[in-house]
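Student: Below you'll find the structure I mean.
The values are calculated or read from the model by the stated rules, or taken from the named source; none is laboratory data. Keep in mind the model is a prediction, meaning the values are calculated, not measured. FYI the Cβ positions are ideal-geometry reconstructions off the backbone, even for glycines, and counts take in every protein chain you see.
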Amino acid sequence: AQSVTQLDSQVPVFEEAPVELRCNYSSSVSVYLFWYVQYPNQGLQLLLKYLSGSTLVKGINGFEAEFNKSQTSFHLRKPSVHISDTAEYFCAVSDLAGTASKLTFGTGTRLQVTL
Amino acid sequence: DSGVTQTPKHLITATGQRVTLRCSPRSGDLSVYWYQQSLDQGLQFLIQYYNGEERAKGNILERFSAQQFPDLHSELNLSSLELGDSALYFCASSRGQGGMNTEAFFGQGTRLTVV
């Protein structure tokens with residue numbers, strides 16, 4: 001079984017400041033890792049994904065994440081946030097085994113960007 | 001626009017009733033996933049279909065059922081509705097059934113309110 005822990009339920013930050021949203025996972029098998037963003041009254045949009053290869057993954061809207069296998073982490077970062085980044089961010093894992101790959105989501109982190 | 005279409009966007013119904021949520025996947029995607037998002041449970045995987053066949057089952061109640069039709073659209077049927085079934089129900093689709101084709105694209109969701 002897999003699980004995802006997002007340690008911060010809310011992260012307040014000023015515009016143009018850097019931000020890091022933390023994600024740790026637990027799995028007995030190798031996994032794929034994802035970050036999704038959910039804007040108010042919207043569906044989930046894929047920000048970035050780690051499938052294999054380079055552990056530093058770049059996504060849309062200036063976000064990036066680093067896969068750390070030894071620490072089982074996949075933290076999301078942005079060097080300078082904008083008001084429009086205010087949203088809920090979800091980390092998710094999917095295992096590589098088998099023929100079905102459901103996503104297991106964390107509880108989400110609410111990023112609140114203010115002036 | 002993710003290319004995944006869900007109808008209806010909003011649904012209000014009474015306890016004990018039955019409803020059907022519909023999902024049209026992105027063109028070319030064979031897998032359809034259903035997720036439930038509620039305040040107390042977060043994002044929970046319900047069920048996955050691949051090319052018409054059930055592939056994986058999550059925390060789906062016996063009162064709920066789903067199917068995927070030959071044209072690949074999917075329906076989620078919720079019966080004997082309870083107040084606690086009020087939630088946002090997401091459909092997602094992906095190219096394959098697992099592995100590197102796990103990237104899922106989400107619809108905008110159907111907000112179900114049971115009164």
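Student: Here is a list: A:Asp95, A:Asp8. Which entry is surrounded by 13 or more Cβ atoms within 10 Å (Cβ to Cβ) and within 12 Å of chain B (Cβ to nearest Cβ)?
Tutor: Values: A:Asp8 fails: within 12 Å of chain B (Cβ to nearest Cβ).
Result of the check over A:Asp95, A:Asp8: A:Asp95.
Student: Another question, then. Please tell me if B:Ile47 is among the β-branched types (Val, Ile, Thr), in contact with a Lys or Arg (Cβ under 8 Å, 6 or more places away or on another chain) and either closer than 25 Å to A:Phe34 by Cβ or outside any loop (DSSP other than H, G, I, E, B) (or both).
Tutor: yes
Student: Can you tell me which residue in segment B:64-96 is farthest from A:Ser94 (Cα to Cα), limited to those that are surrounded by fewer than 16 Cβ atoms within 10 Å (Cβ to Cβ) and out of contact with any Lys or Arg (no Cβ under 9 Å at 6 or more places or on another chain)?
Tutor: Only one residue fits best here, namely B:Leu83.
Student: If I ask for residues that are assigned to a loop (DSSP other than H, G, I, E, B), of a type in the set (D, E, K, R) and under 19 Å from A:Leu44 (Cβ atoms), which ones from segment B:1-39 would you list?
Tutor: Result: B:Asp1, B:Lys9, B:Arg26, B:Asp29.
Student: Which residue out of A:Leu56, A:Leu44 is within 14 Å of another protein chain (Cβ to nearest Cβ) and among the hydrophobic types (A, V, I, L, M, F, W, C)? So that I can check it myself, show each step before the final result.
Tutor: Working: A:Leu56 fails: within 14 Å of another protein chain (Cβ to nearest Cβ).
The conditions single out A:Leu44.
Student: Do we find a residue being modelled with pLDDT of 95 or more and not in a strand (DSSP E or B) anywhere in segment B:86-101?
Tutor: So far as segment B:86-101 goes, yes, one or more of its residues are modelled with pLDDT of 95 or more and not in a strand (DSSP E or B).
Student: For segment A:36-106, which fully contained strands (runs of 3 or more DSSP E) count at least 2 residues that are under 10 Å from the mean Cα position of the chain (by Cα)?
Tutor: Per the criteria, A:44-50, A:64-68, A:73-78, A:87-95.
Student: How many of the residues making up segment B:35-48 are of a type in the set (Ser, Thr, Tyr) and facing chain A (nearest Cβ under 10 Å)? Explain how you work it out, then say what you get.
Tutor: Taking segment B:35-48 as the starting set, the residues that turn out to be of a type in the set (Ser, Thr, Tyr) are B:35, B:38.
Within this subset, residues satisfying the condition of being facing chain A (nearest Cβ under 10 Å) are B:35.
Residues flagged as of a type in the set (Ser, Thr, Tyr) and facing chain A (nearest Cβ under 10 Å) within segment B:35-48 amount to 1.
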